[in-house]
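The values are calculated or read from the model by the stated rules, or taken from the named source; none is laboratory data. This one's a predicted model, so the numbers in the text were calculated from it and none came from an experiment. We place every Cβ from the backbone using ideal geometry, glycine too, and count neighbours over all the protein chains shown.
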Amino acid sequence: LNRLGHEGFPDSVCEVVKQGADKKVCQFSWWCDGRSDQVQEEDRYGAAKEIARKVLNKQLADNTGGAMYFHDRNVSPQWAGKYLKTAQTGKFIFYKPREGKAK
């Protein structure tokens, strides 16, 4: 949601998620990984849908500190040094632009 309306990003959640699919460089890799999106774990899927509902209804705080980018902690992408680290979890590190502008 933090990407919506920022320069370089689309204006809808669906368009943000699908961004780059036409070039096979998706912003969210699962969108163009070629694997089935058939739900395998109903309980986890249900929990994810409930979290998404709350986020879209602004019922949850942004624990990422306004992040627009993230990556798995097990990788060190070249682009990460250009951005300000805002938060981290056991699995991900989150970033936002240093001067408020998306790249």
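Please pick out the residue among LYS96, LYS85 that is outside the structural domain of PHE28 (by TED's automatic domain parsing), more than 17 Å from PHE9 (Cβ to Cβ) and part of a strand (DSSP E or B). Steps first, please.
Numbers: LYS96 fails: more than 17 Å from PHE9 (Cβ to Cβ).
On inspection, the qualifying residue turns out to be LYS85.
Among the residues of the range 26-66 satisfying the criterion of being among the small types (Gly, Ala, Ser) and outside any loop (DSSP other than H, G, I, E, B), which is modelled with the lowest pLDDT? My answer is SER29.
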